[in-house]
Each structure stands twice: as structure tokens, then as C-alpha cells.
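Presented below is the structure to which this report refers.
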Number of protein chains: 2
Amino acid sequence: MYSFFPLFYMAWADAVLLPSEIAAIEGYLRKQVWLTPEETEFLSGFLDPKHPPTPQELKSWKKAINESELEVRDSLAEIGMKLSNLKGSDTPVEVRTALLEMEDMLGIASSEATYHLRANKPKTIIEELASRPSFDPAIMNALLDGAEHDIIQKVKTILCDPAFRYIDPDSLTTYREQVLTWCRLLAEQGFGAMAYPEAYGGEDDMRKYFTIMETLSYHDLSTVIKFGVQFGLWGMSVYFLGTKKHHDKYLKDIGTLQLPGCFAMTETGHGSNVKGVQTTATYQHSNRTFIIHTPTELDTKEYIGNAALHGQMATVFAKLIIDDTDYGVNAFVVPLRTPKGEMHTGVTITDCGRKMGLNGVDNGKIAFDQVEIPYDNMLDKYASVDESGNFQSPITSDNRRFFTMLGTLVGGRIGIPRAGLSAAKSGLTIAIKYGDQRQQFGPENGQEVPILNYRTHQRRLMPLLANAYALHFALQHVTNRFLKRTEDEMQEIEAMAAGLKAWATWNTTHTLQECREACGGKGYLSENRLDRLKNDTDVFTTFEGDNTVLMQLVAKGRLSEFKKQFSDINFFGMVNYVTQHAKTSIVEMNPITIRNTDEAHLLDPEFHLAAFRYHENEILSSAAKRFKKHLDAGMDSFDAFNQTQYHMVQVGHAYVERLILEQFLEAVERTEDPKCKEALRKLCQLFALTQLEKNKGWYLEQDYLAGSKTKAIRKLINQLCWEVRQDAVALVDAFKIPKECLGAEIVG
Amino acid sequence: MYSFFPLFYMAWADAVLLPSEIAAIEGYLRKQVWLTPEETEFLSGFLDPKHPPTPQELKSWKKAINESELEVRDSLAEIGMKLSNLKGSDTPVEVRTALLEMEDMLGIASSEATYHLRANKPKTIIEELASRPSFDPAIMNALLDGAEHDIIQKVKTILCDPAFRYIDPDSLTTYREQVLTWCRLLAEQGFGAMAYPEAYGGEDDMRKYFTIMETLSYHDLSTVIKFGVQFGLWGMSVYFLGTKKHHDKYLKDIGTLQLPGCFAMTETGHGSNVKGVQTTATYQHSNRTFIIHTPTELDTKEYIGNAALHGQMATVFAKLIIDDTDYGVNAFVVPLRTPKGEMHTGVTITDCGRKMGLNGVDNGKIAFDQVEIPYDNMLDKYASVDESGNFQSPITSDNRRFFTMLGTLVGGRIGIPRAGLSAAKSGLTIAIKYGDQRQQFGPENGQEVPILNYRTHQRRLMPLLANAYALHFALQHVTNRFLKRTEDEMQEIEAMAAGLKAWATWNTTHTLQECREACGGKGYLSENRLDRLKNDTDVFTTFEGDNTVLMQLVAKGRLSEFKKQFSDINFFGMVNYVTQHAKTSIVEMNPITIRNTDEAHLLDPEFHLAAFRYHENEILSSAAKRFKKHLDAGMDSFDAFNQTQYHMVQVGHAYVERLILEQFLEAVERTEDPKCKEALRKLCQLFALTQLEKNKGWYLEQDYLAGSKTKAIRKLINQLCWEVRQDAVALVDAFKIPKECLGAEIVG
């Protein structure tokens, strides 16, 4: 009778067998002629739902079964027979037959059941998986840092100084003062003035300035933003929009933080549509002054960093009015408060108060009531008022002049995504290291396994790790292009910066959200810093240009770039070009390629690039065609753009993704260390395939990819995630973020 | 010559004409034989990039053009001729011809250009768009509230009392005390005890309890969670897991908040895998006590609400050990501290400190060092120790017993998504009302327009508004099912609650993120409360079950439900069924339906339901097949599940989405007011089509939808967003969230 115990055990333990299955076994037992009615009754007794065995009986069966020394592949019948033999009786042939028949009857349920009985199972695949780095993180780190390695190390060393230890952010007052102190300490190191000419205490090194911002972003994000407001926005507006007289007067003190200042562009009523700001600067020829004035509450300067407490001056953007004629938005230096903090007459500043994040930055609202400033305070690089009181500018159109002024400040759109990427790298370091340590669930009778071994966890984090590497190279690229720019390239670089800023900062928000969730409850505790990383960077998708607006800007740029490239006098000649171009791709789109699911093909960068470029061109072409169709039908161009707006945003995404892929591929190619090269290649493949999967609806709609191919891509992504998981800890180690900066107890 | 001024204006103003286009015009002018060399020179002078006109000249041209009284459809040539006539000379025929030819040459650029010149254009479509509610929000509100209207009103009235005014959350200490006070005030109203029997001060009304939680969630979320910990988790664990002796002793004091308590289940080392908790409760027969003990630091109870400051007792989940035998996880009431706050011997509590949100809740860690509790403190509804010291339980298996105990607490998985939905409704109310007021950009020479008129803004918010309505009805449904449950339905209801909890809380996170971004900088300021809404609800995707784990639970349930439904003794008989079932659908999938882009068809609920059900069945079938294939190949079931894990999560999503759609459709059907019915129908269509679009990659892979059809769906979603936008303010007004609760200055 012992032979049936495994069966009974399975019937009662943890619902492995369903009532219907139990009933079938009972029916089968009753049909066995070799059993006496008493035996049948006795056996069926163990299956009666009205009279379950006691917990103690269940435990004793389990004990007996475990003592029978199960083998890996033992079936339920074999276990029964072993048990019976162990108890001293050979299994009779009828019982053996009955057991085998029942096993057959139960099908999978039987083999599934035996898993539950085995005490010493071989390790499962998932238990075996672990971190097995395929490369040296130090070499990878050197490769990521490149020529900037020394300055990065210097910044990291300073951030590890006890003076930079994180403080409790509870009190707004204390936190803001701490952030000011941190900025002063950084200025003392010469970091603030880095991009200014040597004559003003700098090294004329914009590249280093970007690298400093990026590295500071491993630490407190409020400090980075305050630093950027002071030395980037305030300082560089004086540097780029002003002339020598302004440089001489202000730049040195700005670089040392002797003269804290603000960048007062955004108004309550005008953020994205910044050329619509309503603050006025009225020229008075009688005493050669300007009167800065805020007409209504909606025209108050808002969200201005450094304004609530520390700023003594501001670059104020205002419409220049001369003799009742509006000459568009120009920039002026306006004193706000004395070094002792006394407000100047006519200036009213209110505190923006607590924000979702960046609470170490003292944002404020500034209103001007007829504030008179001297003639010299106009930043006159692009426009001025001459001695007769006439407006002078080398740029005829007000709008074009304003956008030229803004263009010199495009650096902010490069600095922000680089800062955001650092925050994403911090989040990934925390979540991946935690996922590698944290164990939860495991096979029956086995050990619990690291959560990073689970496919869903890999699927969450590995593509985001690939994105971080991809963006690293893409943002390096746009920085290089910006630093070496010529006038002609400016429009292209602006589009590139706008698009990357939007894509990268959305990626930061998304990455940190996944990292928070991937760390569960631990991710919610402030002691692990994911909350601050998330909250501090959340506004990155808004400031320096709302992402949705920026993506439309990119799309507009793409449309006119085509127009320019082909010098076609008919605006929509380019539509024909794009269509033509797309048709060429279609020729390449033969049925075999569309259906090709060979791994070698799916991993081929040629395939990735072709697909990304096809996406970019085709989506641009269809957006342009649709836009033209609406215009042809007599629609206002504003309406026509709105009709295609959703589409235009996709144009921006497709453009940015192609750009990122190209840069990632180039980075892989120029990597010399073979192991790093291989690890990067895998990440790049994961990046490319993840984007293709994200856009698979579109590719399928276009018949560019067949269903069989997108399914094969999904499978390959799973495989790549599995492989990258083994490198994941090394890949975040290569960021070399000091643990003092990470500030997360779970990965202390 | 005046006739050419419009052309010159366009050449210099805002880069409407490209250099190549200007060069072409110049070339054309030079070919005009009727112009004298001097005239040509004069005219070309205005096009010379080396000698641009002054800003003043540009402004004077513009002024002249504006004085020529343009008509809507005037072309560039016509404007030129008008201008020339205005200046007193008839346009010579050669000039007329030249202008017309140039206009032709410029193509679209010309007609685009004229837009810029018109001062009084007709209103664009986008300017005309506005809020035009198609129904009465009060009727819709009554419909949403249903039979619970009175209790909802009562709770809202209390929340509007000055005693519930929001406080500055800077200080953790003050905030936590305030939240305790708010909970006491709510208990005084009888809200806390609502679900308990009348004998214990309640009304035995679980439905009302849910409704109270949901309504409180329009206010401070910390209060809701503290309220839920006290009256839901702590109180209901005593109520459902304990017996009369416990009810008599504790329940009344719990309901009045005389006896604050905790629910101590999660441990640092075991969150999702909660049946693995390691805290022990060792039975001592000598004095009939239990010794509660925390073996290692990893086994500390963590994240326990009410623990850091206020809890006097806790329901502690621990492994019951009798004579060295482990009887699985059971529940015990353990005293923590005296009413005066003195800790009991052996109990160590540390504060979890600041969190991303919910900082009004005092979460703590609890460790027990050999804490002795009396025999009566075991909550003995499902298991007990008899007088001889033997374990007794009607449920044989330890695991099954534990999950039965958990099942009684499934209410939490209904309460949380309902609370999250309220937060999402608050966010939508703020973002939609702001989007309706906030103006930015506009047509050339036109007014700025509300940002909610933009397609991208509608695309962001309208589908989320539809989700909120959809979830409202689905969560009502699962509440009803839960309240009227029978034993047999329990597994199904648990799966439903788990799936809806996951889907709804992810939706909350996503909705609030979009709302934050949609409000730009204003959304980042704490004064508009989106930060707190986001941060407080972020952990909803983690607690009461990590969403990814819950979705897998749903998938497992779906697999075994099929198994049960068909009483097939072979586990994977159901695979054949599902495949069969899918095949039936394929028969319906005739080529005409696949390609049917008729609006009536695309909006037809029959089409939506069929597509959702096909998705659900087919994805379940393929997950099951894949799972079986791995098992057949000899893979451990744990590995096999991991291989298909990503797929299993999709099974969960597909199931939940079908469930939500069915409930939304039923809600539309039972709506009597024809205007509300129509508005809801539109929202339901938007919900259905948005899900189809989200999953279009999958549908296209399956050849269930053709590319032409998914494109038509996209277009229709745009259209529905446009229509719903006009109802949007009324749709959020129908939530009737008091402005005191909203607490957002931008929609004050």
C-alpha cells in the first residue's frame, strides 16, 4: 500500500492535483479487480475530501518519501515502488501496472508532481546564472572617460571629501545654504570659471566644463543645477550676449561666485513660447537708460534659479521698446539685491517654495516695477542702441536675432541630458547591484535566486543599461559637434541637441522609475536615494525646453533641412525626394529580407542601420505628405501642423534613434580592447533590437518586418538580456560612481 | 517697385525663404528685360545678404503691407499689386506677369509666406476648439457615485472641514502627528469601524468601508494608508483570522483607534515570497505560550506602518514550531509598546525614516528577541494548538492554509487600486483644467490657444481620462464580486483583484507622470500637489504585492482555471482547447474583417470585444504551449516558467484589459441618461482603441489586424481625442473632487 503514498501526498499538498483528477484516480482504484473491497475502501479513504488527512499525517508521508532516496528522473510510479520496497515488500506486478497506468493518466501532472518530492534536485538553469564579467571594468571605464579621465577623477575625488557628505533635506533653509556652500567649494577649485577666457580666471575649456557638470551629477542634483544657473546660464549669457565691457565688469566675479546671478527668461505666461515674453525694456534717450517693467502678473519671471535668496543680478530678457516701436526680445543685466541681500527699489521677489525636487535651488518669481538701469547694462553683442537713440543690429529680423541669441546658449540643452544620464547611471548602479544580491523565490526545495536572474527583471533593466551606454556615446558626439561648430552647422546641431535632450531626459525619467520599482520597498526608502534621483530629474523633461515641443522643433528642422539639402525652390520637392528615397529602400525590402530570421542577420549592424534609416525617412516623408495635403486643402499652416503634430513627434524620435545608433556603432568600431569591444557590441545589438521591438507596430504596418521576424527579435532580446545580465554588474562598475555619491544603503 | 516689397519682406523676415530661394528670385529678376539695369540693381540690393535692410526698413515694409488691407486668400502677387495700387500706380502688365511667375516658382513657399502677412485672418480650427460639454456633470456624478452617493458626500464634507486643511509636510514629526489626528477624527465619524459587526461599533458594511477609503484618497494619501493599516490590515486580520475571544478583546478599540496596531508580515528578506518569512513562533507546552523570535537581521519585519511611533500591538506572521516541527506561517497578536509608548521587553523598533512619499505614515522595522506571548494571542480561525499541544487545522497543507488566510485579506488588493484611481482622478482634474486655461503659441498674428487644443496634449491626456472611467467601473465590479463571493469563486476573484491592482496602480503612476509633465514647470511646484500625488502613490505598484509578481500570479491562475474548467485529467488538454478556441476566432478572421476600416466597424463594441478576447486567449495559449514545450524537453518547471515569464506577464495584461472593457461596455449599456450614455460610449471607444493601438504590434504579428486597419485606428483615436477634449472639463468635474482636496493653486 505504501506505493500509493506519493499519490496521496500529491493529492493533498498544495493543490497540485485538482479535485477532478483526484476523482479520476479514485474511479481508477475502484476498477482494480486485484484489490479487495476493504483495500479499495482504505485507499479511497485517503482521497475523501470530507475526511482529509491531518497535517501530521501529510508530514509523515513526506518524511517517508524523502527517505526513499529519490533520483532526479524518478516518476511518481517509480517513487511509489521505491517506497514500497523500502518498507520491505517487493512491488507486486498488478500494483506496478496500476501505478504506471495512473501516471500515464495524469500526464504532465505526474511529472510536475514529482518535482515537488525531490529533496536534492540538480541546480536549475536559473540558479546557475550569476555575474560573470567578460571584460575588465577598469578598461571600460578608461574607454568611457577618454581624454577627460583626469578631470573626472579630480571631480570625483572632491565629491568624496567629507565636506560633500549628503545632508538631511528636510529643512529647505539648511539645504539651500548647503548647496550654496558646495557651489562655492567647487568654484574654489576653478570649476565654475572653466569655460571662461583665461583673463577672467578660466581655462577657456568648454569641454571640461561639460565634463564637470556631468560628473557633478553623480552627486546632489540641486548643486549641479545651481552650479549651471550661476556659471552656465548667468555667466554665459554675460559672456556670449555681452561685450568686453560686460566681461571686464562681471565675468571674473561670476566665476568665483562673488557675484551670484540669475537667468530671467521664462515668465508665468510664456515658457515654451519664450519669444512671447512681455517684460519690457523701454529706452529713454533723455538720460540713456532702460526702464525694466513687468506689465501684468502673468509676465512675472518665474522658476528663476538663484532668485529667491542668493542672486544679486540677473540677465533679464525683455522686449526692447524705442519710441513706441517694439524691437523684439533683448537681454539686459538688472541688479536685484545688494551683497547684503537688500532688495533694489522696484524689484519684488517671491519664493517658489518647495518643489518636487531640486529643493536645494532657491527658485523665485521676479517682478519689476519701472526699474531703471544704465545704458551699459544692455547685453549688446547682437543689438544695441546707437548714440542717436536708434536701434542697431546686424540681424534684420527680430525673431531671427532672438533665436540667434538663444542659439549661443544651446549648451544648456547638452548639459542637461548629460546630467540626466549621470543620474540614470546612478539609478542603474543601485538597481542592478541590488538585483544581483537580492534573492526571492526559487525552485521547489531549492535556494532562492537573485531577482536579476528572472527574465522580467532582466527585461526591465538590461535594455535601460544599453540605453545608458548608447546615450553616453551620442551625447559625447553632440558635445564634440557643438564645440567644433561652424555657422553653417548650427541649425543641425541645435536640432541634434534638442532631440537628444528630449530623448535622453525621458529616458532618465523612465529608467529611474523602473529602478525604483525594481528595488521594491527598498527603492521607496529615502536611504537608498532613488527618490531624490527621480524627483530631482523629473523636471529635466520640462526645463531647457519642454520635450514635446523640442521634438516638434526637431521635426520642423528635419523638414527644412531636406528643403535646404536639395536646394529645390519648390518647398515640397523634398517630399518627392523622400518618397524616392523610401522607394529605394523598398527595393531592398525583398520578401526574403523581410522574413529573414537568421540570428546573424538579426544581429547585423547593417540590418539595424538600414531599418532605423528607413524608419526615419519614411516617417518624415509621410508626415510631410500629410502636412502638404492639409495645406493644399486650404488649411491654415498652424492647423495643418497640429493635425500632423503627433506624427511630427515621431519624426523627432526616429531621427534621434538613428543618430544614437550610428554613434554607438562607431564607438564599438573604434574600441580596441577586444573584450570591451565584444561587450559593447552586445549592448549595441540589445539597444538596436529593443528600439526595433518598440517600433515593431510601425514596421509591421509598413511590411518592412514580417511577424515571424519581429517574434524572432523578441526571442533574441530575451537571449541578449540573459547574456548582458552576466556582465551587468561590471557594466555599472565601469561607470565608477563613488559609493559616497551613490548614497544608497542597499548597495553600501 | 512697391509690388516687390512683400517679396523682400518675406526674404528677410524669420527665414521663411531660404538663401537658395532668394538666389533664384534674384536670378529671375536679372532676366527681366523690362527692368532697367539700375532698377534691377536697386531691387537686387534688397536681396543682398551682405547688405541686409535695417530692422527699421523691415518694419516699415510690414507696416505698408498691413495698410494694403489684405484679404484671406490673397497671394503674394496679389498683395504686391495691391500695395503698388495703394501707392498710386497701376501695376504694369510685365510686373504682374513677373509676380505671378515668381509666385509659381516659389510654390508652397509663396502661399505659406502670405500667412505671415495677414493681420486679420479667420480663426483657425484650433482656435475655435473649446470646452463644450455634451452632458450634465451632475448627472454623470450621480451615475459614478451610484448607491454610495450619500457616504461619498459625507466623507467629502468632512474633508472640506478646516481641520483637514493640508499642512506643510517639511517636518516628519509634525506631519505624522497630523495624520494620526486626522485618522482619529475619521474614526470619530465611525468610518474606521464601518466594516466590523455592530456589536463592535461598526455597521457590518464592507462596501461602505471601501467607498470611504476611495473618497479619502482625494485628500492626503498618508492618511488613507494609515487608516487602511489601522482599520483594514490590523483590524481585519484580527477580525478574519481571529475568533470571538479576539473580537471581544480588541475589535472595538481598534475601530475607535484606542488601540493602534500594525500588520507585521513583510520581512527584509521576504517581501514577495511572503510564505518564506523566517520569524518563528515556538510553542511551549509547559506554560502554553508562544515565543516570538527574529532569527537574523534579514528576518526583521520591515516597512510596517504604524510601527515607528503609534502601534501598540501587531498581528505578526510567523512560522509556528511545535516540538521542532514547522507548521507553516500563522498569525499572532504581539504587544509592542504600552499606551504611553514604552517598548515591551524584547521588542526593538527602528524608524524607516523618510520615504519617497507617504511620510505621514510612521513605517518601522520590528525585531523580536524571544518575546513570550500568551496562548490566547494566536489568531486561531484556521489553525490552533489543542489542549495536548497538538497542531489542529481543517486545512491539511501548510501552504494551502496560509494562502487561505491571505485570501481573507484580498480586500487590500481592491482598496489600493481604488485609492490609486482617486489619486489619478485628482491628477487628471488638475492637468485637464490647467490645459484648458493655459495658453501657449498660436497661429501667426492670432491669439495664443489653450494647450489642450494641441493634438499631442490631447493624445497624452484623453486616453488616460478614458482609462480612469474604465477602471472606475471595473473596480466597482471586482468590489461587488468580492462582497458577494462564494468559496468556489475565490480563486477567480483573487486573480481579478491581483490583475486589476497591478494594471490600475501602474496606470496611476503613468497618469500622474503625464499630468506632471503636461503642467510643465507648474506641475513641478509643490503648490500644485502633483508631486505629492506622484510620490505618495509610487509605492502602490509595490505594496500589497509587487505588480510584476501579481501579473504572473494572474497568469498562473488563468492556466489552472482553464485546467479546472475543462476537468481534463491531462494538464495540457487545455492547451488543445485554447488552440481550438483560437482557431475558431481565426475562422472569424476573414480577410475582409482584417482589412475593414469602416468607422462604424472600428467603433463597434463587438469588434473591440472580439479583438480583446482573441488577444487574451491566443496569448494564453501560446504561453501554455511554450511552457509545455520546455517541460517536455526536460526543463525544470521553475526554469520553464522563467523562460516564459515575460509572456506570462502579457497574459495578465490581456486578461485584465478584456475584463475592464467588458465592465465598461456594461456600464455604458445600463446608463439611462442619453447624453451621459453617449459621452461614456465615446470614452469606452477611446479606451478600446487605445488598447488596440498599444498592442498593435501583437495584432499585426498575428495577422488579426492589417496595417491599413491599425492606421485607421490611429486616425480614429486622434478624432476621438479631439471630441473628448470638448467634454474633458465636464468629465473631470463629474468626479466632483472638492477644491480643498485638490489643493492645486493653478486650478484654484
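The values are calculated or read from the model by the stated rules, or taken from the named source; none is laboratory data. Quantities reported herein were computed from a predicted structural model and do not represent experimental measurements. Every residue, glycine as well, gets a Cβ built from its backbone with ideal geometry; the counts of neighbours run over all protein chains shown. Protein only, heavy atoms only, side chains kept; ligands, DNA and RNA dropped before computing areas. Shrake-Rupley method; radii C 1.70, N 1.55, O 1.52, S 1.80 Å.
Looking at the stretch A:267-343, which GluC sites (Glu not before Pro) are DSSP coil and have at most 16 other C-beta atoms within 10 Å of their C-beta? Those satisfying the criteria are A:E342. Counting protein heavy atoms only, the stretch A:583-736 has 50 percent of its accessible area on carbon and sulfur, 1.4 angstrom probe. Under 19 Å from a point 7 Å along the Cα-to-Cβ line of A:D168: which residues of the stretch A:340-379 have their amide N that close? Output list for this probe position: A:359-360. Quick note on the stretch B:336-422: its Rg to Rh ratio, both from C-alpha atoms and Rh being the Kirkwood radius, is 1.06.
Estimated from helical segments only, the mean residue ellipticity of chain B at 222 nm is -18000 deg cm²/dmol, where each DSSP H run of four or more residues counts as -39500 (n - 2.57).
Taking amide H atoms as placed 1.01 Å from N in the peptide plane, the amide H of A:N330 lies under 5 Å from those of A:A318, A:K319, A:L320, each 5 or more residues away in sequence or on another chain. Projecting the Cα positions of A:L464, A:I432, A:G442 onto the charge dipole of the stretch A:411-497 (unit charges on Cβ atoms of Lys, Arg, Asp and Glu, taken about the Cα centre) puts A:G442 furthest along the positive direction.
Distances between copies of A:Q153, taken at a point 7 Å out from Cα along the Cα→Cβ vector and listed shortest first: 7.4 nm.
Between B:E198 and B:R184, the modelled label-to-label distance comes to 3.0 nm, taking each label 7 Å out from Cα in the direction of the beta carbon.
Between the alpha-carbon centres of the stretch B:138-168 and the stretch B:311-390 there is a gap of 36 Å. Each Cα pair under 8 Å and six or more residues apart adds its separation to the average, and for chain A the resulting relative contact order is 13 percent. Taking other residues whose beta carbon is less than 12 angstrom from the beta carbon of A:P674, and scoring Lys, Arg as +1 and Asp, Glu as -1, yields -1. In the stretch A:248-290, comparing the full protein assembly with the chain on its own, the residues that lose 50 Å² or more of accessible surface at a 1.4 Å probe are A:N273. Here the ratio of the Cα radius of gyration of chain A to 2.2 N^0.38 Å is 1.25. Normalised by 2.2 N^0.38 Å, where N is the number of residues, the alpha-carbon radius of gyration of the stretch B:499-560 equals 1.38.
Amide H to amide H, with H built 1.01 Å from N, A:K355 comes under 5 Å of B:S526, counting only residues 5 or more places away or on other chains. Which value, in Å² and to the nearest 10, is the accessible area of A:F4 when all protein chains are kept and the probe is 1.4 Å? So the heavy atoms of A:F4 present about 0 Å² to solvent.
Overall, chain B carries a charge dipole of about 620 debye about its Cα centre when +1 sits on the Cβ of Lys and Arg and -1 on the Cβ of Asp and Glu, all other atoms neutral.
Which residues among the stretch A:281-319 fall inside the zone where the amide N is under 19 Å from a point 7 Å beyond the Cα of A:T256, along Cα→Cβ? Of the residues in the stretch A:281-319, A:311-313 have backbone N under 19 Å from the label point off A:T256. Please work out the C-alpha center-to-center distance from the stretch B:411-437 to the stretch B:495-543 and express it in whole Å. Here the two parts' Cα centres lie 8 Å apart. With every protein chain present, what accessible area does A:K682 have (1.4 Å probe, heavy atoms only), rounded to the nearest 10 Å²? Accessible area of A:K682: about 60 Å². Chains A and B together bury roughly 10900 Å² of accessible surface, counting both sides and using a 1.4 Å probe on protein heavy atoms. Does the stretch B:213-315 classify as rounded, prolate or oblate by the C-alpha gyration tensor (a ≥ b ≥ c root eigenvalues; a/c under 1.5 gives rounded; else a/b over b/c gives prolate, otherwise oblate)? Oblate, since a/c reaches 1.5 and b/c is not below a/b.
Of the residues A:L251, A:M343, A:T40, the one whose Cα sits farthest towards the positive end of the charge dipole of chain A is A:L251 (charges of +1 on Lys and Arg Cβ, -1 on Asp and Glu Cβ, taken about the Cα centre). Please say if the stretch A:121-226 is rounded, prolate or oblate, where rounded means a/c under 1.5 for a ≥ b ≥ c the square roots of the C-alpha gyration tensor eigenvalues, and otherwise the choice is prolate for a/b larger than b/c and oblate otherwise? Here the stretch A:121-226 falls in the oblate category. Inter-copy label distances for A:K244: 10.0 nm (label point placed 7 Å from Cα along Cα→Cβ; shortest first). Of all DSSP bridge pairs formed entirely within chain B, close to 80 percent run antiparallel.
Spin-label pair B:E666-A:E101: with each label point 7 Å from Cα along the Cα-Cβ axis, the two points sit 4.6 nm from one another.
Of the cross-linked pairs B:K675/B:K736; B:K433/B:K739; A:K682/B:K628; A:K534/A:K739; A:K625/A:K709, which ones have a Cα-Cα span greater than 20 Å in the structure shown? From B:K675/B:K736; B:K433/B:K739; A:K682/B:K628; A:K534/A:K739; A:K625/A:K709, over 20 Å: A:K682/B:K628; A:K625/A:K709. The calculated FRET efficiency for the pair A:T350 and A:I321, based on their C-beta separation and a Förster distance of 30 Å, comes to about 0.70.
Given their separation in residues at 0.36 nm each and the Cα-Cα distance between them, A:S388 and A:T296 gain 30.0 nm when the chain is fully extended. A point 7 Å from Cα along Cα→Cβ stands in for B:Y375, and the other copies hold the same point at 10.2 nm, listed in rising order.
The stretch A:366-471: D in µm²/s via Stokes-Einstein (Kirkwood Rh, Cα pairs, 10 °C, 1.306 mPa s)? Stokes-Einstein gives a translational diffusion coefficient of 81 µm²/s. Of the residues B:Y375, B:G357, B:N390, the one whose Cα sits farthest towards the positive end of the charge dipole of the stretch B:347-396 is B:G357 (charges of +1 on Lys and Arg Cβ, -1 on Asp and Glu Cβ, taken about the Cα centre). In plain terms, the chain from A:R626 to A:H601 could stretch by 5.6 nm, reckoned as 0.36 nm per residue minus the Cα-Cα distance. Here the stretch B:668-703 and the stretch A:693-742 have alpha carbon centers that stand 32 Å from each other.
What the protein assembly as shown shows is 37 Å² of accessible area per residue, with the surface traced by a 1.4 Å probe over protein heavy atoms. Under the simplified labelling scheme, the B:T40-A:Q437 pair shows an inter-label distance of 8.1 nm, with each label point 7 Å from Cα along Cα→Cβ. Rounded to the nearest 0.05, the FRET efficiency derived from the C-beta distance between B:K694 and A:S560 at R0 = 35 Å is 0.60. Calculated FRET efficiency, B:Q719 to B:V33, Cβ-Cβ distance, R0 = 51 Å: about 0.40 to the nearest 0.05.
Going by a 1.4 Å probe on protein heavy atoms, which residues of the stretch B:325-349 end up with at least 30 Å² less accessible surface in the whole assembly than in their chain alone? Residues losing area: B:Y327.
Each 5 Å bin from zero holds the following percent of Cα-Cα pairs in the stretch A:264-366: 3, 13, 22, 24, 19, 12, 5, 2, 1, 0.
For the protein assembly as shown, with equal point scatterers placed on the C-alpha atoms only and solvent neglected, what are the log10 I(q)/I(0) values from the Debye formula at q = 0.06, 0.08, 0.09 1/Å, to two decimals? Summing over Cα pairs of the protein assembly as shown leads to -0.63, -1.10, -1.38.
From other protein chains only, count the Cβ atoms within 10 Å of every residue's Cβ in A:509-522, then give the mean. For this peptide, the per-residue mean of nearby foreign Cβ atoms is 4.
Neighbouring Cβ atoms from other chains, within 10 Å of the Cβ of residues in B:642-649, number 6 on average. Dipole size of the stretch A:442-525 about its Cα centre, with +1 on Lys/Arg Cβ and -1 on Asp/Glu Cβ: approximately 200 debye, rounded to the nearest 20. Once backbone amide H atoms are built at 1.01 Å from N, B:F391 has B:D386 as its partners under 5 Å, excluding neighbours fewer than 5 places away on the same chain.
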